[in-house]
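Participant: Dropping the structure in here first, questions after.
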Amino acid sequence: MTLSIAAATQGLPPETVFALLERVRRKSPRVHAITNAVAQTFTANVLLALGAVPSMTLAPEEVAGFAASADALLVNLGTLDETRRQAIPLAVAAAQEAGRPVCLDPVFIDRSKPRRLFARELLGIMPDVVRLNGAELDALFQGRAEADALIAGGTVLAVTGQEDKVESLGEDFRLLNGHALMSRVTATGCAGGAVLAAFAAVESDRALAAATGLSVFNIAGEIAAERAGGPGTFVPELLDALYGLSLRDIEIRLKTA
Amino acid sequence: MTLSIAAATQGLPPETVFALLERVRRKSPRVHAITNAVAQTFTANVLLALGAVPSMTLAPEEVAGFAASADALLVNLGTLDETRRQAIPLAVAAAQEAGRPVCLDPVFIDRSKPRRLFARELLGIMPDVVRLNGAELDALFQGRAEADALIAGGTVLAVTGQEDKVESLGEDFRLLNGHALMSRVTATGCAGGAVLAAFAAVESDRALAAATGLSVFNIAGEIAAERAGGPGTFVPELLDALYGLSLRDIEIRLKTA
Amino acid sequence: MTLSIAAATQGLPPETVFALLERVRRKSPRVHAITNAVAQTFTANVLLALGAVPSMTLAPEEVAGFAASADALLVNLGTLDETRRQAIPLAVAAAQEAGRPVCLDPVFIDRSKPRRLFARELLGIMPDVVRLNGAELDALFQGRAEADALIAGGTVLAVTGQEDKVESLGEDFRLLNGHALMSRVTATGCAGGAVLAAFAAVESDRALAAATGLSVFNIAGEIAAERAGGPGTFVPELLDALYGLSLRDIEIRLKTA
């Protein structure tokens, strides 16, 4: 059972989405991404296509410095080995000390108890954004009250699925863009988490930033799916679409509920 | 000198190949892949394009759980670091306890003595399938009798090269599909090992599964080579071809000897 | 401030560039690449498209053997974790003992003090080629005299930027090829370092090898940019362009100052 999200849906004007995208392109925020081994290259390329800058080191003597000087931190729990377990608290402390937003993506915590426990501990840091699907949402919280408590503390939940939902203390959003091919390519979800971090770096309304990030990435996915012959050509087309995304593309395609 | 494989060749009906491919697409087996750092992303995308699901964690506290709940295990010995050395026995024990097939790919054991010794120890687990090229075959066994003993115990050998050979206690196969561009892209062989694991997950006749997996992957390679302008565009085209592979494609192209 | 490079520019005949490229294609040198986790797959594919052969293991019990039997060693300092810190001195000692050229790429040393200190220690091994950008050049040396001392010892500096400069005890080169899209894709610089290593493997005039490697890679980048719709399709096009690069392409495009 997926915990229900009672989203008081609101509109997301295309002009606002495009203005935030242009802000990312102009400011080129650096996102320090602690992410899984399978997702690293694609995540770096997604950030670059978006106009942001990736860094990805995990070494304990370096990671705090990289995180503190970045504009946002992504913590993705895929391939959660000892190096990543050590790097995460160091990076989170440095990013929060420097006042940078932290985005948590608790990948596959529904499949691994040690990872679920680690993710639950991480909630104590009060991440700015948590990106997860329905199964991960159910695994992360022991009941709806726990999720509500986190939101009450200021964390934004971005719950992905057929329909994406952004839930926050302020506005909520229900988002309807995306394409089935995105789930036939590894690490699209993980790279999407990095997109959320990039938008959080340039917009202090974290719910708006999350809704914009999800929409931008999913619209690029729709454009790429139309151009692609399958999941292989979809990957380069997705990066091209992100790189070239225009106000017109967003006006035509943006779907909220 | 490459140990000779005395294959009592038999036919591989296109309808059988396509039926097994459709079974993979319908059942979406999860393959837990312990594979080298260079091959991880491409291997995950090959599995997804095929219709299977990848998981790739190596962490000692997680890998047994992931392997036990997967439908097959791939053990690829590339970039064989301490983390992988620790993960492999844990994953193999969990997969075998759960009755899942184990596919071994002893990459480059002809270039590294420590790796060769590790691979020889792994033979003790009686893997269901061993995928290797001629040089690796010569390095793995100290003589033809050792290879025969392994086969007598139920292991299927899938020996790749200009011509691919599948040798087993039951049927043997000689397969003639493939394209030279496949060797101009990193990790195609490694990803091919994951394809074998996916087919072993859905077909208990391991020799038939191996022959089908090799043929499907190599036919996709031929189609991709016709569409590609070189080794770069070959990669996305290979994934598209795998994704879209039809009975007609197999009927036209399947070549056995 | 970027340390100035007083390059006594000389010509680089297209025929020479193509002859060295053909030598790489014919000899297929193996480059053992110790490189960062983000760059591994792309670097391997760049080497294969060029006609070289990659190997990438980092394990302490294997890396010396792989490096000693390779034709050149690349040491890239990205994602400099404990495994890489241990592997680098082992690989360097083995490569130098075997008389193989060593190419150093001190990525992002301007952003990380521990990495800068590690890079400065590595200068003691007298690498054959150091590839770096202006910010990394400033971080690596405490003044122009240090850079000059290294060059006087026989090291070639390949300084990349809007304009690439190769500085050596012998000839210097100023090179003007390349395209802005190359910096919108992760690891193009890192993969370029591997190209330098491949050319150093087949040409003992290290400055000429470096100038050729930079030019070949940058010309392929120009061709790819013309064919690509953005940074996504640029990646496969770059590999195709490297694979197919002809004397005519080089004659038309090579630009030196």
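The values are calculated or read from the model by the stated rules, or taken from the named source; none is laboratory data. Computed from a predicted model, the values in this text were never measured in an experiment. For neighbour counting, all protein chains shown are included, and Cβ atoms are generated from backbone atoms with ideal geometry for every residue, glycine included.
Participant: Looking at (1) surrounded by fewer than 24 Cβ atoms within 10 Å (Cβ to Cβ); (2) modelled with pLDDT of 95 or more; (3) not β-branched (Val, Ile, Thr), find the lone condition where C:Glu82 falls short.
Facilitator: It fails just one condition, (2).
Participant: Moving on. Would you check if C:Ala180 is surrounded by fewer than 24 Cβ atoms within 10 Å (Cβ to Cβ), within 14 Å of chain A (Cβ to nearest Cβ) and touching a His at 6+ places or on another chain (Cβ under 6 Å)?
Facilitator: Values: surrounded by fewer than 24 Cβ atoms within 10 Å (Cβ to Cβ): yes; within 14 Å of chain A (Cβ to nearest Cβ): yes; touching a His at 6+ places or on another chain (Cβ under 6 Å): no.
Considered against the rule, which asks whether it is surrounded by fewer than 24 Cβ atoms within 10 Å (Cβ to Cβ), within 14 Å of chain A (Cβ to nearest Cβ) and touching a His at 6+ places or on another chain (Cβ under 6 Å), C:Ala180 comes out as no.
Participant: How about the stretch A:209-227: which of its residues are of a type outside the set (S, T, N, Q) and buried (at least 23 other Cβ atoms within 10 Å of the Cβ)?
Facilitator: A:Ala209, A:Ala210, A:Ala211, A:Gly213, A:Leu214, A:Val216, A:Phe217, A:Ile219, A:Ala220, A:Gly221, A:Ala224
Participant: Specify the residue that is nearest to the other protein chains (Cβ to nearest Cβ); the eligible residues are those in the stretch B:224-240 that are among the charged types (D, E, K, R) and under 21 Å from the mean Cα position of the chain (by Cα). Quick ask: steps written out before the conclusion?
Facilitator: From the stretch B:224-240, those among the charged types (D, E, K, R) are B:226-227, B:237, B:240; that's our starting set.
With the extra rule that they be under 21 Å from the mean Cα position of the chain (by Cα), the set shrinks to B:237, B:240.
Values: B:Glu237: 6, B:Asp240: 3 Å.
Among those residues, the one meeting the criterion is B:Asp240.
Participant: Now, a different point. Looking only at the stretch B:185-204, decide whether some residue is within 14 Å of chain C (Cβ to nearest Cβ) and at positive phi.
Facilitator: Yes, some residue in the stretch B:185-204 is within 14 Å of chain C (Cβ to nearest Cβ) and at positive phi.
Participant: Sticking with this structure for a sec: Provide a single number: the residues in the stretch B:49-65 that are buried (at least 22 other Cβ atoms within 10 Å of the Cβ), among the hydrophobic types (A, V, I, L, M, F, W, C) and under 28 Å from B:Pro236 (Cα atoms).
Facilitator: Of the residues in the stretch B:49-65, 5 are buried (at least 22 other Cβ atoms within 10 Å of the Cβ), among the hydrophobic types (A, V, I, L, M, F, W, C) and under 28 Å from B:Pro236 (Cα atoms).
Participant: Still on this structure, please answer the following. Which one of these is in contact with a Ser or Thr (Cβ under 7 Å, 6 or more places away or on another chain), of a type in the set (Gly, Ala, Ser) and more than 13 Å from B:Leu20 (Cα to Cα): B:Ala191, B:Ala207, B:Ala180?
Facilitator: B:Ala191
Participant: Mind checking which residues of the stretch C:164-177 are out of contact with any Gly (no Cβ under 9 Å at 6 or more places or on another chain) and surrounded by fewer than 18 Cβ atoms within 10 Å (Cβ to Cβ)?
Facilitator: Residues satisfying the conditions are C:Gly170, C:Leu176.
Participant: Please indicate, with yes or no, whether at least one residue in the stretch C:143-152 is modelled with pLDDT under 95, away from chain A (no Cβ under 14 Å) and out of contact with any helix residue (DSSP H, G or I) (no Cβ under 6 Å at 6 or more places or on another chain).
Facilitator: There is at least one residue in the stretch C:143-152 that is modelled with pLDDT under 95, away from chain A (no Cβ under 14 Å) and out of contact with any helix residue (DSSP H, G or I) (no Cβ under 6 Å at 6 or more places or on another chain).
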